[in-house]
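Scroll down for the structure; my scribbles are underneath it.
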Amino acid sequence: MDKALLSRTAAAMVAQGKGILAADESSGTCEKRFQSVGVACTEENRRSYRGLLFSTPGIEQYVSGVILYDETIRQKASDGTPFAQYLEKKGIIPGIKVDKGAVDLPFCPGEKVTEGLDGLAKRLAEYFQMGARFAKWRAVIAIGSGIPTHTCLYANAHALARYAALCQAASIVPIIEPEVLLDGNHTVERCEEVTEATLRACYAALAAYNVSFEHTILKSSMVVSGKDCPRQAGVDEVAERSLRVLKRTVPAAQPGVVFLSGGQSDVDATAHLNAMAAMPGRPWPLTFSYSRALQNPALKTWRGQAANVQAAQQAFHHRARMNGLAAQGKWKPELEKQVA
Ligand code: 13P
């Protein structure tokens, strides 16, 4: 365990004005995204699309790290450089998704637990050799009638903690991602309650497995109203509730907190981050680790056509720049019109 390397990596992941691009969609998720724009989900199309994102000029100003998928870390950029080294040369830290997805949790209808611990130490050693310096594991927590159960929170928190300990032992910074899902008609108050219980369970488990908070990054969902709730909380309410929960549960020793976009609109995800970053009195830097909210406009512009690559890169650059500003509380809605 190289503590100095872990500290350097964690600090660089949340460097001022920068955040993380989540480009670790599994091939199944990629298929859905590609289908929505009429692109065949072949290995080569996945490579070209990721290459388009990574080779966007100037992106390193806003992107500190990229979460890769197992297939992607084994692929190469058009100039023949493996993607991990390609990113490293641009000053972007390569990361890797190491969980194997969520499966049904027995005796807990509607709930899931994330798999992927078996053989993880070996996989982490290989990923480290390939250049990965941080990792991600996503747990999913659904809100509904009678759920989440204590069983679900407990099972997922323990899996996250075991994963985190294995990562740190391999000198890889673990991103702890317990995602409270947006789906449902629950209120924002209920989301706050569930997010707090989820984070409490996670930090109790991390402590139980001797995980070092100093070398861990939290990837949290924001406290928002359920997608189908008639009352949708506004930007300031989302920011206040999200920060309140984080302050109650996340140790100040942690180097930073990043957010997932979780199905929010691109601009909502930016506005929410901006409002939180503008609030004083936080012990940790906050930034983005978005997939959809960073990639949607680029994917829709690209549509699998080589002729659209430049325009797609501009769309990606714009979202990355907007979110880089939001991470510093410097974003304004008017800036959305100024595509650089
Ligand atoms: P979204 O920003 O699309 O929620 O994706 C982030 C992520 O990495 C989910 O695991």
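For segment 31-38, 3J(HN,Hα) computed residue by residue from phi via the Karplus equation (6.51, -1.76, 1.60; θ = phi - 60°) reads 4, 4, 5, 5, 4, 5, 10, x Hz, glycine and proline entered as x. Any of K227/K300; K3/K97; K18/K90 with alpha carbons more than 18 Å apart? Name them for me. Violating the 18 Å limit, Cα to Cα: K227/K300; K3/K97. Taking amide H as placed 1.01 Å from N in the peptide plane, the amide H of A139 sits under 5 Å from that of E177, E179, each at least 5 places away or on another chain. Computed from backbone phi, the HN-Hα couplings of segment 242-259 come to 5, 5, 4, 5, 4, 5, 6, 10, 9, x, 5, 5, 6, x, x, 10, 10, 10 Hz, rounded to whole numbers (Karplus: 6.51 cos²θ - 1.76 cosθ + 1.60, θ = phi - 60°; Gly and Pro given as x). Between the beta carbons of S7 and D183, assuming R0 = 30 Å, the FRET efficiency works out to 0.25 to the nearest 0.05. For segment 206-321, the dipole from Cβ point charges (+1 on Lys and Arg, -1 on Asp and Glu) about the Cα centre works out to 120 debye, to the nearest 20. Of all beta bridges that DSSP places with both ends in the chain, some 15 percent have antiparallel geometry.
Model label sites at E60 and L335, defined 7 Å from Cα along the beta-carbon direction, differ in position by 2.2 nm. The phi torsions of segment 279-285, fed into the Karplus equation with coefficients 6.51, -1.76 and 1.60 and a -60° offset, translate into couplings of 7, x, x, 10, x, 10, x Hz, rounded to whole numbers, with Gly and Pro shown as x. The slack between R231 and Q85, meaning 0.36 nm per residue of separation minus the straight C-alpha distance, is 47.9 nm. Given +1 at the Cβ of Lys and Arg, -1 at the Cβ of Asp and Glu and no other charges, the dipole of the chain around its Cα centre is 680 debye to the nearest 20. With a simple spin-label model that places each label point 7 Å from the Cα along the Cα-to-Cβ direction, the separation between K247 and F107 comes to 4.0 nm.
For the pair segment 255-272 and segment 13-82, the centres of their Cα atoms are 18 angstrom apart. Near K112, the amide H atoms lying under 5 Å from its own belong to L105, A142; only residues 5 or more places off or on other chains count, and H is placed 1.01 Å from N. Among A10, G101, Q129, flag the residue with its Cα farthest along the positive direction of the charge dipole of segment 1-149, charges on Cβ as +1 for Lys/Arg and -1 for Asp/Glu. It is A10. Of the beta bridges DSSP finds with both residues in segment 84-194, what % are antiparallel, to the nearest 5? So the antiparallel bridges amount to about 25 percent of the total. When the chain is treated as a Gaussian network with alpha carbon springs shorter than 10 Å, the biggest mean-square fluctuation among A15, A293, A320 belongs to A15. Taking A327, A252, A165 as the candidate residues, the one with maximal mean-square fluctuation in a Gaussian network model of the chain, Cα springs under 10 Å, is A252. Backbone amide hydrogens, once placed in the peptide plane, bring V173 within less than 5 Å of F134, A135, excluding anything fewer than 5 places away on its chain. Largest mean-square fluctuation among R231, R162, R190, in a Gaussian network model of the chain whose springs join Cα atoms under 10 Å apart, belongs to R231.
Laboratory data are not the source of any read-out in this text; all were calculated from the coordinates shown. Everything numeric in this text was worked out from a predicted model, so none of it was measured. Heads up, the Cβs are rebuilt from the backbone with ideal geometry, glycines too, and the neighbour counts pull from every protein chain shown.
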